[in-house]
Structures are given as structure tokens and as C-alpha cells.
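Report on the structure given below.
The values are calculated or read from the model by the stated rules, or taken from the named source; none is laboratory data. What you see is a predicted model, and the numbers here were worked out from it, not measured in a lab. Quick reminder, even Gly has a Cβ in these numbers, built from the backbone with ideal geometry, and neighbours come from all protein chains shown. The area values use the complete protein model at the heavy-atom level, side chains included, leaving out ligands, DNA and RNA. Shrake-Rupley method; radii C 1.70, N 1.55, O 1.52, S 1.80 Å.
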Amino acid sequence: MTIVNHLIHGELTAGTGRSADVFNPSTGEATKKVALADRATMQLAIDSAKSAFPAWRNTPPAKRAQVMFRFKQLLEQHEATISKLISEEHGKTLEDAAGELKRGIENVEFACAAPEILKGEYSRNVGPNIDAWSDMQPIGVVAGITPFNFPAMVPLWMYPLAIVCGNCFILKPSERDPSSTLYIAQLLIEAGLPKGVLNVVHGDKEAVDALIEAPEVKALSFVGSTPIAEYIYSEGTKRGKRVQALGGAKNHAVLMPDADLDNAVSALMGAAYGSCGERCMAISVAVCVGDQIADALVEKIVPQIKALKIGAGTSCGLDMGPLVTGAARDKVKGYIDAGVAQGASLVVDGRDLVVAGHENGYFVGGTLFDRVTPEMTIYTDEIFGPVLCIVRVGSLEAAMQLINDHEYGNGTCIFTRDGEAARLFCDEIEVGMVGVNVPLPVPVSYHSFGGWKRSLFGDLHAYGPDGVRFYTRKKAITQRWPQRASHEAAQFAFPSNG
Ligand code: NAD
């Protein structure tokens, strides 16, 4: 059976740790094994990154960027291979996999601007013969820990930018779908990245704990579920590391009575059921302002949910593939059972879906609940499956209160034709990423991505300008070159221009 190995100091190695099965979620078969690093294996990667740092930090930013230009070309050339690898282990459709890769490539494009990004700021004559500038210097060895649901895009949020800023990076990808992540990292080595600047180490809690505890690792970027985000943030910051930890979500779409319903329904279909609901920006709650829009939504969306084309992600022309693991499928079905038991109205039930020829795949069909109330677990919890819940409220204020009271604050959107309502929503909603008639308001690579409340632990968002701040530390330099003949007497008052 193929083993997905670590990439340490430019070489593939199995290391000395355990291994785990990797499954094809469309068939339920274990198709590969992935190496799981022990502490000794992780230490090899840390040592490699540390040894590569002095030369890499002194490599001109323009040279670092040249590697990223070549990397971008290679990613584009290998789009089909990468999409297939993603789909075979994650289950998402080939088109969806290609979409996540393209959004990842946009982060590589941003990183290509390294010389411009790292220019710093300069002021001449801040005092007599004194000039000052601020420099953005790399931190050293930094690490990223990423989730299963975007095995290409989320790592690309992190290491291209960290690396062009002059850091050396250790990536610990999800052990559930590691092949595309490894393949992409190998393309960066092929693009000319020196050994040790990027290491990929697979693993589980043991590998992550080794990163948290290593004094050589100065910063941690994490994306995954909230309990693990909180753990990594508290353990990392306790040890003096810089940490950004992005967690889970429950994203609401508000439908105002004046919404363009046809477009809102199309938007909701993609945002709720795309990638089988396994997106941190997936819409899982539709908040309808008034019964009229709620009834109209149910009438229009039900036939579309029933018509979803569901099958093995690697087949073309599908809307949805399976969930990632058998455990994920059982968890989602468990939430649907709980929704029924707690009194929500199950309008479309995806529990019994069987895909012909893929009877052992981890499939759940598109599911819709109506008349969901805030105390139900299908409302409070992140289900991370193809389940959309309708909550009916009487006013925009009530819709906003509901969203603001939820523990998560990743993404949200409003569908309306009313500019005043949209403006109020943007101003006062306690959520980090907001869409107006845009269902998945994932910021482009030159803005930054991050939620509020328990969707993000840390101060800085991921990628874009915040990513640059996260992966650099500022140094302010003040320099005097006195004129040769001058002599200045000792000054005991605090220096100023006063
Ligand atoms: P997860 O938290 O289970 O795993 C994420 C990473 O943490 C993986 O690399 C995993 O190996 C590691 N990990 C798991 N358990 C650990 C432990 N006990 N100690 C240390 N490390 C551990 O998340 P997942 O299931 O892979 O991904 C889905 C979750 O990620 C969802 O909650 C989703 O909302 C979230 N997510 C958030 C964002 C965002 O930007 N906010 C983006 C994508 C996914």
C-alpha cells in the first residue's frame, strides 16, 4: 500500500513514528497509509528549518519571490493531478477541488509581491542628521497546522507568505487527506526552494504537541475546530509563541422580505450543500424575516435539494460528494436524529441516501429543517454536513440578535434590496466576514480572513496584510551620522524636536 511520507530537508522519509489509514470516502476503502510523526521525527524537521533560516532570511526578497512565480506556474500546470488527489481523499467534486486550488494560487500571487510588501517605512531627518526606518524582519522557524476540508487552499494561506517574509516553515497537514498537500509542497521544492525552508510533517496530537513545546518554533498558525484552536492558542501563548488559531463556525444567511428570492435560493444551494457542507464558511442557517419569505423559500428550495447530483467526487458534473469519513457521516446523521427528536420539522431527509455502485461510501443527502429554534443542537452546534436549518423571526433586529448571541462569528450574509438594512447589518453584526447578497464572503488574498468570537483566537487574521504582520516582527532603527566637524555636548533632557 502506498505510504504518504514526510518531506524533511527536501527528502521524503517515513520517519520513526506510527502510521494511519487514508480512506477514499466515495468507496469506504483504505487506499493509502500516512506516516504519523513521533517527537524525534518532528525534531528532524525543526532542526532542518533552523539550519536553513540564516541563509534564507538573507536571501533578497526578490529572489524569494522568483521561487513563488515558478511555484504558481507549476501549480497551474498540475491542476488536474492536484484536484484528483484532493477529490480521492476528501470526497469533494473535481470542480470544487479545482476551485479551492485556484483560491490557494491567489495567495501565492500575493506572496509574489514580497519586495513591495517588505519595503518598510523610512523617514529622513527625524532630528538633526538623524534618519529613521522600520524594518519587517522574519521571526525564524514558524509552523502551520491545517484541517482536512481544504487540503490545498488552507496550507497555501500560510506558507507562501511566511516563506517570502524570510521564515522557514513546518507544515502539519490533516492526516485524513494528506496527499495533495504533500504533492503541492514537492512542487515548491521543484520551483527552487532551498532544502529545509519548507518541511511537511504528517501526524496527529503527538506531532502537534511537539511543535507547541519546541522552543525553536516561534509562531503557530492553526486552522481547524474550535476546541483544538483554543488548546493550541492557550498552550502556544503560554510558551511565549505568537499564535493565530482559526476555529469552527455556524454561518447564518438572513433573508429579508424584499430579497431577490431566485438568486438567494441559488446562492443558498451552493453555500449550504457545496463540498457537502464541509466548509467553515458554509451557510448552515437561513434566518427568514417573516413567514411569507420562509414559506416561499421552502417552496423553491425543496425541489432543488431533491435534485442535487450526488456521487463519487471524482466523477464529473456532480454537485456534491460524500463526507470525509465514516465518523463524520455518523455524526451528521446523529444531528439529524437529534433535530427530529427536539421537534424541528424535517422537510428533506438525506439520511437514507445510497449511491448506486458506491454503497459503502460516506454519503448523506441534502437535508432541510424548518422551524428550528435556538436551543436545538442542530442550531447551536457546527454540524459540518449538508444540513440547512431555517429559523423564522419577526424582524431584522431579531435576526441580528440571534446571530450576535451565537458563540461563533465566522461568516454571515444578508439577502436584500434595501441599502439601509444592509448598512445596519454590516455595521452592527458581530461576525468577522460579512456578505451583502454574497453567500460565501471569503476575502480575496489581498484582504485578510478571520472570524470573531470563538471562531478565532488571536489578534491577527490569516493571509493578506494581517498575514504579513503575523509572519514578521518590526524593528525601528534610528541612525545618526554627525557632520565631521560637529561635536554635540551631552544632553540630559529627553531628546525631542521641541
Ligand atoms: P480538527 O480540529 O479536527 O483538525 C485540525 C488539525 O488539528 C489537524 O491537522 C489535526 O491533525 C489536528 N488535531 C486534531 N486533534 C488534535 C489534538 N487533540 N491535538 C492537537 N492537534 C489536533 O479539524 P478538522 O476536522 O480537520 O477540520 C474541520 C474544522 O475546521 C471545522 O470545525 C471547520 O469549521 C474548521 N475550519 C475553520 C476554518 C476557518 O478559517 N475558521 C477553515 C477551515 C476549517
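With a 1.4 Å probe and all protein chains kept in place, how much accessible area does Thr472 have, in Å² rounded to the nearest 10?
Around 10 Å² of this residue is reachable by solvent.
Calculate the dipole size of the chain relative to its Cα centre from +1 charges on Lys and Arg beta carbons and -1 charges on Asp and Glu beta carbons; express the result in debye to the nearest 20.
Roughly 2040 debye for the chain.
Rounded to the nearest 0.05, what FRET efficiency do Lys102 and Asn129 give with R0 = 51 Å and r taken as the Cβ-Cβ distance? Could you check?
Efficiency at R0 = 51 Å is approximately 0.50.
Ignoring solvent entirely, what values of log10 I(q)/I(0) come out of the Debye formula for region 251-436 at 0.08, 0.10, 0.17 Å⁻¹ when each Cα is a single scatterer?
The Debye formula, applied to the Cα set alone, gives -0.24, -0.37, -1.05.
Based on the alpha carbon coordinates of the chain, what radius of gyration and maximum Cα-Cα distance (Dmax) apply, in Å?
24.8, 90
Express in % the proportion of alpha carbon pairs of region 363-498 at distances exceeding 21 Å.
Here the tail beyond 21 Å accounts for 61 percent of pairs.
Which value, in Å² and to the nearest 10, is the accessible area of Glu375 when all protein chains are kept and the probe is 1.4 Å?
About 130 Å², ignoring ligands and nucleic acids.
Are there chymotrypsin sites (Phe, Trp or Tyr not before Pro) in region 440-498 that DSSP marks as loop and that have at most 11 other Cβ atoms within 10 Å, and which are they?
Taking region 440-498 and a limit of 11 other Cβ atoms within 10 Å, the loop chymotrypsin sites (Phe, Trp or Tyr not before Pro) found are Phe492.
Counting each DSSP H run of 4 or more residues in the chain as -39500 (n - 2.57), what helix-only mean residue ellipticity at 222 nm follows after dividing by all residues, to the nearest 500 deg cm²/dmol?
After summing the helix terms and dividing by the residues of the chain, the value is -12000 deg cm²/dmol.
Multiply the residue separation of Thr59 and Asp47 by 0.36 nm, subtract the distance between their alpha-carbon atoms, and state the gained length in nm to one decimal.
That pair, Thr59 and Asp47, stretches by 2.4 nm at full extension.
Efficiency by 1/(1 + (r/R0)^6): what FRET value for Glu216 and Gln292, r their Cβ-Cβ distance, R0 = 56 Å, to the nearest 0.05?
The pair Glu216/Gln292 has a calculated efficiency of 0.40.
To check you understand DSSP bridge types, tell me what percent of the beta bridges within region 251-436 (both residues inside) are antiparallel, rounded to 5.
10
Averaged over all directions, how much area does the convex hull of the C-alpha atoms of region 414-464 cover when projected, in nm²?
If I average the Cα hull's projected area over directions, I get 3.9 nm².
List the aspartates and glutamates whose Cα sits under 18 Å from the Cα of Lys306, skipping any in the same chain fewer than 8 residues away.
The qualifying aspartates and glutamates are Asp262, Asp295, Asp319, Asp349, Asp352, Asp370.
Take the Cα radius of gyration of region 379-450 and divide it by 2.2 N^0.38 Å, with N its residue count; two decimals is plenty.
This ratio for region 379-450 stands at 1.14.
Rounded to the nearest 10 Å², what accessible area does Glu488 have for a 1.4 Å probe in the complete protein model?
Glu488 exposes around 90 Å² with every protein chain in place.
Once R0 is set to 51 Å, what does the formula 1/(1 + (r/R0)^6) return for the Cβ-Cβ distance between Glu109 and Lys300, expressed as a FRET efficiency to the nearest 0.05?
0.85
Dividing the convex hull volume of the Cα atoms of region 193-281 by its residue count, what figure in Å³ per residue is obtained?
161
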